[in-house]
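To keep things clear, I will list the structure first and then write my remarks on it.
The values are calculated or read from the model by the stated rules, or taken from the named source; none is laboratory data. Quantities reported herein were computed from a predicted structural model and do not represent experimental measurements. Backbone-built Cβ (ideal geometry, glycine too); neighbour counts: all protein chains shown. Areas reflect the complete protein model, heavy atoms only, side chains present, ligands, DNA and RNA absent. Shrake-Rupley method; radii C 1.70, N 1.55, O 1.52, S 1.80 Å.
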Amino acid sequence: MTNYQFLKPYTFANGATVKNRVVIPPMTEQSSLEDGSVSRDELYYAGLRAGGVGMFISPVANVTANGKGFEGQLSAADDKFIPSLAKLATAMKGTGHGSKAILQIFHAGRMSMSTILRGTQPESASAVAAPREGMETPRELTDAEVQDIVTAFGEATRRAILAGFDGVEIHGANTYLIQQFFSPHSNRRTDKWGGSVEKRMTFGLEIIKAAKAAIDQYATSPFILGYRISPEEIEEPGIRIPDTLQFIDKLADEPLDYLHISMGNAWRKSLNDKSETEPTILRIKKTVNNRVPLISVGAIQTPADAEKVMDAGIDFVAIGREYLREPHWIQKVEAGLEDTIRYRVNRTELDDLGLNPALMEFLGLLGTDLGFEGEADTGVVSPYDVVLNK
Ligand SMILES: Cc1cc2nc3c(=O)[nH]c(=O)nc-3n(C[C@H](O)[C@H](O)[C@H](O)COP(=O)(O)O)c2cc1C
């Protein structure tokens, strides 16, 4: 069957058309060069998966040097990276009527470490360490520094445009700096960037403004602006779903082309309020009320899984780890070759799949394996459980 709803094209309000509703979500492979330039391994990895899906979102790139969060992180922090980013954009689009290449941009804030920053202390909204083993207490950013980071998101957007990307995704999810400003755990400020729930939204909203200004100034064709958000965190005090729905109500009126809801399982219910029976994505959909398209993600593997997301009236479905195993998922569905989609891989295939040791190590850190043939799932518990929702 090839008349799945997820195979239908979509035209954004800004006029950009994507050829189907399937998205590869951002997946850091920790494989960029030491300076943040794209490596040949990454170009191979991206090229192998390019061209079929409607949108291909890059591994996250840092917008300032101190915003780096991982070894082997892609960088968009300086104009010198534009040629490198251009190579990545070309690889991610693929040939013909390829995929839209979206650059995800972030600042890691307190989730970085002084080793990764080569001796510099991580920085955040307030000097509060993440309540996870081994995390350092960050330095509180000054008002002027916060403003500079907002500007840096605009600059990274300009670089994405000049490098030939079709859009950027602002990474406001997964415990990084934008989420740290929204969270009452990491943001204890009393200036314009903190305090009430509305004031904790300010940083994210100012970043959207900076990115939009860059698009208005530099883009010569429709350029997609997305925003990724995590609906909850487990910190105490921490972001709870009512706060998020309030923020999403605001985001839905911003000049965004999509909202990407980051969850480890697309049908997850509240992590904190166990009495809640409705999947979070459906509560978000009601709040959004068709004002902005939504991307849902988390443990989607089969065409039936993807179609279920469409049946719920969600606009896009993102497929992450399964795309590591199966780089031609969409082409196989289109060709009626669903039986050949791989849901497990053999360790001998890793090189051909562009899954290098750095990426495999990162997957191990995330507590996930790819379902190796003939091996049991390791089921390792990891600090990233909220992202991957074990
Ligand atoms: C190896 C790996 C790297 C990831 N890197 C990022 C990232 O750079 N930015 C981000 O927003 N999410 C990142 N994620 C989360 C994914 O985008 C996605 O939300 C998550 O894997 C759940 O989707 P899935 O079940 O389809 O894999 C990463 C996940 C994995 C497995």
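Listed here are the residues, each with its yes/no results for (1) out of contact with any Gly (no Cβ under 8 Å at 6 or more places or on another chain); (2) without any contact (Cβ under 8 Å) to a residue 24 or more places away in the chain; (3) among the aromatic types (Phe, Trp, Tyr).
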residue	(1), (2), (3)
Ala13	yes, no, no
Val22	no, no, no
Glu29	no, no, no
Ser32	no, no, no
Ser37	yes, no, no
Asp41	no, no, no
Tyr44	no, no, yes
Gly47	no, no, no
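Taking Val292 and the conditions (1) on the phi > 0 side of the Ramachandran plot; (2) buried (at least 19 other Cβ atoms within 10 Å of the Cβ); (3) away from the ligand (no atom under 16 Å from the Cβ), which numbered condition does it fall short on, given that it satisfies the others?
Condition not satisfied by Val292: (1).
Starting from residues that are open to solvent by less than 50 Å² (accessible area, probe 1.4 Å) and in contact (Cβ under 8 Å) with a residue 60 or more places away in the chain, keep the ones in segment 212-224 and report whichever is nearest to Ala144 (Cα to Cα).
Per the criteria, the residue is Ala214.
Given segment 92-202, what helices (runs of 4 or more DSSP H) lie entirely inside it while holding 2 or more residues that are surrounded by fewer than 23 Cβ atoms within 10 Å (Cβ to Cβ)?
143-162, 197-200
Kindly indicate the residue of segment 23-69 that is farther than 17 Å from Lys80 by Cα and among the acidic types (Asp, Glu) and also farthest from the ligand (Cβ to nearest atom) among those meeting that condition.
This residue is Asp41.
Counting only residues that are buried (at least 19 other Cβ atoms within 10 Å of the Cβ) and under 14 Å from Val22 (Cβ atoms), how many does segment 321-347 have?
Final tally of qualifying residues: 7.
Report, by residue number, each residue of segment 17-29 that is within 13 Å of Ala46 (Cα to Cα) and in contact with a helix residue (DSSP H, G or I) (Cβ under 6 Å, 6 or more places away or on another chain).
Correct list: Ile24, Glu29.
Out of the residues in segment 76-91 meeting the condition of being in a helix (DSSP H, G or I), aliphatic (A, V, I, L, M) and touching a Lys or Arg at 6+ places or on another chain (Cβ under 8 Å), tell me which one is nearest to Ile229 (Cα to Cα).
Leu85
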